[in-house]
Amino acid sequence: MAERPEDLNLPNAVVTRIIKDAIPEGVNVSKEARLAISKAASVFVLYATSCSNNFAMKGKRKTINAQDVLCAMEDMEFEQFIEPLQQCQEAFKQEKLDKKKEKATKPAPSAQVEEENDDVLELSEGESGEGKQSTSLVSAGNNSTVNEVDNDSSESSVEMIEDGGD
Amino acid sequence: MRKLQPEVIPGFSGLKQSKGSTTNRSRFNKMASPGGSTSLPLSRVKTIMKSSPEVSSISQEALHLTGKATELFIQALARFSYQQSGDKTALHYRDLAEVVNSEETLQFLHDIVPRKIKAKDYLKSLRDADASEEQ
């Protein structure tokens, strides 16, 4: 996959930005230090991958899953990363869910109903503010445009959303 | 700056945890907040992961988490090196080398970020080794 050795480096600009975000403003980062951190990050990826893969093999699986990565962090003594990673995982799942919702509501844009909106709102209760915002936007748009009830389409789209939740 | 119990192993993770409640925490959260997005390109992270021959396949979530973990790692390494260094205006290579070579958890980086040594000193150490062998 990696035909050139540069392909195994992380992009300089991104790494620099992450470093700058981590230390106080105005602190100069020498070129050598930046390069060292960038290389260290690449090696970190490999190390984490190797540890995760060990956990996957222990579980007799071929695919590395999220739990393997979290176990690897513990194994590598980077326990302090686990909590933020779990948060990130939640956010990731949430994003996926939101995308599915969008997809589910798209196929019948003109046939969306108040009934459906109620269901969607119920489903998104207790989720992040982002989700609520988007659903309220959807409902506002629908209220102004549609009056007619189309039970079939609304039911099927709600089912799809529930599937995504599992 | 460094207030750690002598028995508790690394300052690297120890300091990170004690810092948790202060400003860094909010910055941490801020970085994590725009959904599950990472700033590092996941395609590149995947290329690096796949360069390991024993790895057969990686789930989307695992890739995502590894990317995020790498981001956290870069932050932690930069922040800790800066905190440990005497120079508060700049981050130098020697600060990183010092941290990497003194922290147990960063042992895997020893060959990547070695302490620098002057050629003069290196040659001297070689001569010393020779001398002790001859004796």
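The values are calculated or read from the model by the stated rules, or taken from the named source; none is laboratory data. None of the values given here were measured: they were computed from a predicted structure. Positions of Cβ are generated from backbone atoms using ideal geometry, with glycine treated the same way; all protein chains shown enter the neighbour counts. Ligands, DNA and RNA are stripped out before the accessible areas are found, and what is left, the full protein with its side chains, is counted by its heavy atoms. Shrake-Rupley method; radii C 1.70, N 1.55, O 1.52, S 1.80 Å.
Could you say whether any residue in segment B:120-130 is among the small types (Gly, Ala, Ser), over 30 Å from A:Asp75 (Cβ atoms), modelled with pLDDT under 95 and outside the structural domain of B:Gln75 (by TED's automatic domain parsing)?
Restricting attention to segment B:120-130, the residues satisfying the condition of being among the small types (Gly, Ala, Ser) are B:125, B:129.
Okay, now just the ones that are also over 30 Å from A:Asp75 (Cβ atoms), so B:125, B:129.
If we keep only those that are modelled with pLDDT under 95 too, we end up with B:125, B:129.
Okay, now just the ones that are also outside the structural domain of B:Gln75 (by TED's automatic domain parsing), so B:125, B:129.
There is at least one residue in segment B:120-130 that is among the small types (Gly, Ala, Ser), over 30 Å from A:Asp75 (Cβ atoms), modelled with pLDDT under 95 and outside the structural domain of B:Gln75 (by TED's automatic domain parsing).
For segment B:81-130, the tally of residues that are part of a helix (DSSP H, G or I) and open to solvent by 50 Å² or more (accessible area, probe 1.4 Å) stands at 17.
Would you check if A:Asn12 is open to solvent by 50 Å² or more (accessible area, probe 1.4 Å) and either touching a residue at least 24 places away in the same chain (Cβ under 8 Å) or more than 19 Å from B:Leu40 (Cα to Cα) (or both)? Taking the combined requirement at face value, the residue satisfies it.
The combined condition, being out of contact with any Leu (no Cβ under 9 Å at 6 or more places or on another chain), closer than 30 Å to A:Gln67 by Cβ and open to solvent by less than 10 Å² (accessible area, probe 1.4 Å), is fulfilled by B:Ala76. Number of residues in segment A:88-97 that are open to solvent by less than 80 Å² (accessible area, probe 1.4 Å) and either more than 7 Å from every other protein chain (Cβ to nearest Cβ) or out of contact with any His (no Cβ under 7 Å at 6 or more places or on another chain) (or both): the value is 6.
Find all pairs meeting these conditions: Cβ atoms under 6 angstrom apart; at least six residues apart or on different chains; first residue within segment A:54-78 and polar (S, T, N, Q); second residue surrounded by 14 or more Cβ atoms within 10 Å (Cβ to Cβ) and part of a loop (DSSP other than H, G, I, E, B). Going by the 6 Å Cβ cut-off, the qualifying pairs are A:Thr63/B:Ser59; A:Asn65/B:Ser59.
Is it fair to say B:Ala90 is touching a strand residue (DSSP E or B) at 6+ places or on another chain (Cβ under 9 Å) and facing chain A (nearest Cβ under 9 Å)? Walk me through it before giving the result.
Values: touching a strand residue (DSSP E or B) at 6+ places or on another chain (Cβ under 9 Å): yes; facing chain A (nearest Cβ under 9 Å): yes.
Yes, satisfied.
Search segment A:56-79 for residues being assigned to a helix (DSSP H, G or I) and within 17 Å of B:Leu109 (Cβ to Cβ), and hand back the single one that is nearest to the other protein chains (Cβ to nearest Cβ). So the residue we want is A:Met73.
May I ask you to verify whether A:Val29 is free of Cβ contacts under 8 Å to residues at least 60 places away in the same chain, touching a strand residue (DSSP E or B) at 6+ places or on another chain (Cβ under 8 Å) and surrounded by 14 or more Cβ atoms within 10 Å (Cβ to Cβ)?
yes
Restricting segment B:41-65 to residues that are within 7 Å of chain A (Cβ to nearest Cβ) and closer than 15 Å to A:Val14 by Cβ, the residue that is surrounded by the fewest Cβ atoms within 10 Å (Cβ to Cβ) is B:Pro41.
Residues in segment A:22-34 that are more than 7 Å from every other protein chain (Cβ to nearest Cβ) and part of a helix (DSSP H, G or I): A:Lys31, A:Arg34.
So for segment A:35-45 (the condition being aromatic (Phe, Trp, Tyr) and either more than 7 Å from chain B (Cβ to nearest Cβ) or over 16 Å from B:Leu42 (Cα atoms) (or both)), does at least one residue qualify? Break it down stepwise before answering.
From segment A:35-45, those aromatic (Phe, Trp, Tyr) are A:44; that's our starting set.
Then keep just the ones that are either more than 7 Å from chain B (Cβ to nearest Cβ) or over 16 Å from B:Leu42 (Cα atoms) (or both); that gives none.
The answer is no; no qualifying residue exists.
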